[in-house]
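K.L.:
Dropping a structure here in structure tokens format, bear with me for questions.
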């Protein structure tokens with residue numbers, strides 16, 4: 001639990017009378033024709049007034065609900081007085097990626113969902129304000145400084161939020177970090193899984209440019225794992241002083257129904273990557289022109305499924321249907337994302353599940369056979385289990401089908417590290433207080449230990465591991481070790 005700080009004395013009654021500021025978005029009929037972020041930039045004056053709506057609660061429930069314990073009242077106090085960089089610095093004390101998290105966090109169930117102002121009015125727009133000050137910091141400050149070279153070398157597996165956070169934390173302290181990643185460009189889910197209309201790639205690129213000022217090296221297009229030329233065991237044998245596993249949960253779950261092998265039935269990561277990025281940032285096997293067609297069916301109920309549906313609209317599909325086997329009440333994604341999808345013309349089919357994909361004689365998908373469902377008793381997730389309704393089958397024509405039904409972690413990475421324990425989904429066992437695995441010197445965090453989760457929880461776990469790695473490195477013999485070339 002975050003420790004509360006002494007808060008300024010304010011006239012809370014007066015602050016509760018300040019109306020929520022209007023934060024403009026692109027109109028749906030305009031934004032479906034571009035890839036720019038939905039939210040439009042806000043002015044400093046608007047940001048200051050919105051920040052003043054914070055009543056500076058002594059208990060700061062918003063801070064307690066934040067996975068990285070951002071001092072939100074403290075940052076908003078600086079912002080309302082016009083110190084934008086001071087506000088950004090407060091966020092950066094606890095969150096290395098506040099510019100991303102301000103855009104991507106499900107604030108409605110984290111900080112904003114616990115905002116006391118929200119009990120009587122609209123909660124303070126904490127996410128938009130965090131993104132606002134972080135963008136100002138990114139443009140005006142940008143720089144990072146590294147401490148003198150310690151001679152220590154760290155191997156980081158995965159160039160996503162967790163791995164990048166560890167690289168920043170350790171690189172700033174003079175440790176040499178080498179990041180290994182299977183994709184052509186760094187960023188992980190920030191680049192390959194999140195569309196530009198939620199997070200512009202320039203935000204990611206600017207973050208990486210800042211990181212380049214630290215002793216951080218990237219080895220892209222490089223797989224690490226059992227059966228690969230590079231393994232975790234091999235990295236340790238080569239002289240790396242510590243290893244961080246942050247490769248994420250990027251393996252899309254398969255749907256075991258007839259016809260899933262048809263051309264045009266694809267995983268969400270492939271669809272989002274090919275739909276949002278130029279060919280030179282994609283693996284060679286993904287560089288062919290993406291055919292979407294007019295009719296697209298997306299299977300799934302989380303934020304990734306919304307990203308896919310909204311991407312399909314921007315790629316020119318005129319008939320996009322999202323199919324989910326439960327009701328909207330059971331959906332785990334953000335309500336705002338569903339609202340945006342509806343505004344952009346996406347149609348929802350709830351209480352439906354695919355039973356078969358139909359193909360053409362050439363082996364391309366042409367339709368999806370679906371079956372209506374009803375909710376039975378709760379399953380292991382606590383949600384009511386969907387059960388098929390006899391005789392309820394119907395068919396949707398489809399030129400493309402996208403599977404967005406969850407992710408698992410890559411088991412090959414931990415399999416290449418003797419002593420590291422993990423389950424059948426690739427989720428690695430760690431000490432949650434330290435990020436340490438069962439093998440000394442090997443740490444893990446993010447989706448590797450949680451399953452597919454949030455950017456902010458990846459940052460949280462990476463910071464926990466970073467503190468433990470710093471202590472581990474400090475305890476090593478001071479004699480520098482050499483990494484084999």
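The values are calculated or read from the model by the stated rules, or taken from the named source; none is laboratory data. The structure displayed is predicted, hence computed values, not measured ones. We place every Cβ from the backbone using ideal geometry, glycine too, and count neighbours over all the protein chains shown.
K.L.:
Do you know which residues across the range 267-276 are closer than 19 Å to residue 365 by Cα, in a helix (DSSP H, G or I) and in contact (Cβ under 8 Å) with a residue 40 or more places away in the chain?
P.N.:
268, 269, 271, 272, 275, listed by residue number.
One line per residue, one yes/no per condition, for (1) assigned by TED's automatic domain parsing to the domain that holds residue 273; (2) without any contact (Cβ under 8 Å) to a residue 60 or more places away in the chain; (3) under 16 Å from residue 466 (Cβ atoms):
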site	(1), (2), (3)
163	no, no, yes
167	no, yes, yes
206	no, no, no
213	no, no, no
220	no, no, no
225	no, no, no
239	no, no, no
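K.L.:
Residues that are surrounded by 20 or more Cβ atoms within 10 Å (Cβ to Cβ), modelled with pLDDT of 95 or more and not assigned by TED's automatic domain parsing to the domain that holds residue 188: find the helices (runs of 4 or more DSSP H) completely inside the range 7-118 holding 2 or more of those. Talk me through it step by step, then tell me what you get.
P.N.:
Values: elements: 12-15, 28-31, 44-52, 61-65, 72-80, 84-94, 98-104.
So the answer is 44-52, 61-65, 72-80, 84-94, 98-104.
K.L.:
Still on this model: With the requirement that a residue be within 25 Å of residue 161 (Cβ to Cβ), touching a helix residue (DSSP H, G or I) at 6+ places or on another chain (Cβ under 9 Å) and in contact (Cβ under 8 Å) with a residue 40 or more places away in the chain, what does the range 277-293 give you?
P.N.:
Scanning the range 277-293 gives 277, 281, 282, 283.
K.L.:
Would you check which residues across the range 409-426 are free of Cβ contacts under 8 Å to residues at least 40 places away in the same chain and under 21 Å from residue 466 (Cα atoms) and list them?
P.N.:
419, 421, 422
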